[in-house]
1. Carbon and sulfur atoms: what percent of the 1.4 Å accessible area of the stretch 478-576 do they account for?
2. Using only the Cα atoms, work out Rg/Rh for the stretch 427-581, with Rh taken as the Kirkwood radius, to two decimals.
3. What list of whole percents do you get for P(r) of the stretch 111-230, with Cα-Cα distances grouped in 10 Å bins up to the one holding the largest distance?
4. Grab the other residues whose beta carbon is less than 9 angstrom from that of Thr163, score K and R as +1, D and E as -1, and report the net.
5. Sorted by average packing, counted as other Cβ atoms within 10 angstrom per residue and highest first, what order do 64-72, 471-479, 160-168 take?
6. Over the stretch 425-468, what percent of the accessible surface lies on carbon and sulfur atoms, probe 1.4 Å?
7. Based only on Cα atoms, what Rg/Rh ratio does the stretch 155-195 have, Rh being taken as Kirkwood's radius?
8. Counting every Cα pair in the stretch 451-530, what percent are over 15 Å apart?
Amino acid sequence: MPKNGVDDTVETATAKATKETGAEDLRDPAYLKIRDDIYQVSGIYQPEEKLYLLATRCARRMSALSAKSPGEYLEHLTVRAGREAELRLLLNEITIGETYMFRSQPQLEALRNVILPQILKAKSAMGFKRLHIWSSGCSTGEEPYTLAMFLLEESAKLLAGWTFDILATDLNDRSLAAAKAGIYGEYALRSTSEHLRRKYFKPYDDKQLQATDQLKSLIRFDRVNLNDDSKMTFLKGMDLIFCCNVLIYFDLGSKRKVVQHFHSNLLPGGYLFLGHAESLYQVDDRFHLVHFPGSHRVLETARRIHRRRKAMNPQRLDKIRPKIEALEAMPTIQVIVQPLVSMLRLPADQVNMERVVELVAYDGTIAAQCLRMANSPLFGRRNTETVRSAVMALGLKRVEAILLGCSLNNIVPPDKWVLDAVTFWRHSLGCALVSRKMAKLIGYPDPEKAYLAGLLHDLGILVNTLACPEDFRKCIQAARQGHVALDRIEEEHLGFTHCQSGKILAEQWRFSADVIEVVEFHHDVVAPLSVHPLVALVHLSDLLCRLRDLGYGYYEAMGVDLAGDAAWATLVEHCPGLANMDLARLTMDIDGEMEEIVLLVDAVFKPQQSAPQ
């Protein structure tokens, strides 16, 4: 089957030439009849605006048969001898594929670190030690051979004592023949390491390698039409199904039919892999979208059970409470930030802008930060050279967020950081930017409040750094070694988390009630409507940052079902328009901004310079 939209790219020039010159009369009703016949057989649908692509494919077969018109070719497909063979040849033309090995490293990381350990644990408990994997729409075999190499490499570690097999299917006879031969050139192998090339391939000629018999023995290739119920019904017992960049060629009805078969063919707790840009929105609600580090999304057959937080240990928290309360006396907070925050929270017409500019300029760190943010692409500003113009460009709410962020950064001396300072602020600022972006996308009424809450949500990490540094250092080390969430380790080792300790400081510093709630509950959204929607928004933004390159500086082995998260249900309840929103598309939109956000966050931590008033 097609991979990566090749039907729209590989032969664009030919197709456009056909369309523009009128060499094929697209008004001929024979094309519509051919299009409908292909749909009935395979489920692949060509809308009228892309009939020129179908005409191009038909033209090749018409030339081979010396058919003089679309109507005559239609006879070859429907009434003449050899019509079934001709239909298969036309399908071979339509389902041209292109891909390469090891195309998605994040996908393999999710398999190694999260998905396979879950499946192995569940199957081991039932006495089973065999994996069944299906590469559907395998094209010329790059995907199944990648999976075979991955499994063999894990056979001495993660999969020790296990057996596995791969079913690889496609509709295109030519693609299957190429896959069975297993002969590949540099293009297909460009992401395959030299080690794997030497281990699993042998020379075929001067420019190509061929898969070894060991690699081929793991894969069974077969021709399967995904629209054929008689075939699809008997492919049961799969642990994993890969169907990447195939369903984009099906209409809604055919997609639903195919996905229903996938669901019935997967074992409970199995996973369905689609292409990065594909979605089952309004197709099938029995799968749940799960996000993994590295931006890969997988569909799971069973909804996750949300972990409820253990009760915190109030006695242990009380021991550090005096240290937390003492942080209120920090000079920066009292002398500059506290008056500024109080002023900025006044109605806009009561704010003395001259006094705001004066106070900002007192602190070189805060002034430089305002200038840097005002000049960043995120705010669309250039050549902002004074504190006054920066404050005017950013607006009062953004200035407030910057003030608090800079002040928090100053409360921890450089030699006292337990979690790397840059790592912490990259995550905090990244969460602030994602929170604001998500707020705008879902129609949350106050995106700047979302930004502020995202910036301050992990205030408790600063608290634990100062109040219990050695114990907190051990928590961070344990979280890194176990690739688990930091708050989970804090529960076990401290008896409380940075959420609870952060709440104490947030109250001492008189943050607004909703921001205090974010600080306390951003890891603990366990039931819809139990928290403020701002908490739910920051909770989801925090997860998205940790799944990308804006976490705590280590890999967290987790899969996140955002649609099944109580935080999403909370947002849907407060923003009714979200009920019909495609969550996969929403996260793709955020991913589209993530590279720019990462660049902006990194730019913030360049050496700061003094700023003119």
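1. 50 percent
2. On the way: Rg = 15.0 Å, Rh = 15.7 Å.
Across the stretch 427-581, the Cα-based Rg/Rh ratio is 0.96.
3. 12, 40, 33, 14, 1
4. Here the count lands on +1.
5. For the peptides 64-72, 471-479, 160-168, the packing ranking is 471-479, 160-168, 64-72.
6. Values: 450 of 800 Å².
On the stretch 425-468, the fraction of accessible area on carbon and sulfur atoms equals 56 percent.
7. 1.09
8. Value for the stretch 451-530: 55 percent of Cα pairs lie more than 15 Å apart.
The values are calculated or read from the model by the stated rules, or taken from the named source; none is laboratory data. Model, not experiment: these values are computed from the prediction. All Cβ positions, even for glycine, are placed from backbone atoms using ideal geometry, and neighbour counts span all protein chains on display. Ligands, DNA and RNA are stripped out before the accessible areas are found, and what is left, the full protein with its side chains, is counted by its heavy atoms. Shrake-Rupley method; radii C 1.70, N 1.55, O 1.52, S 1.80 Å.
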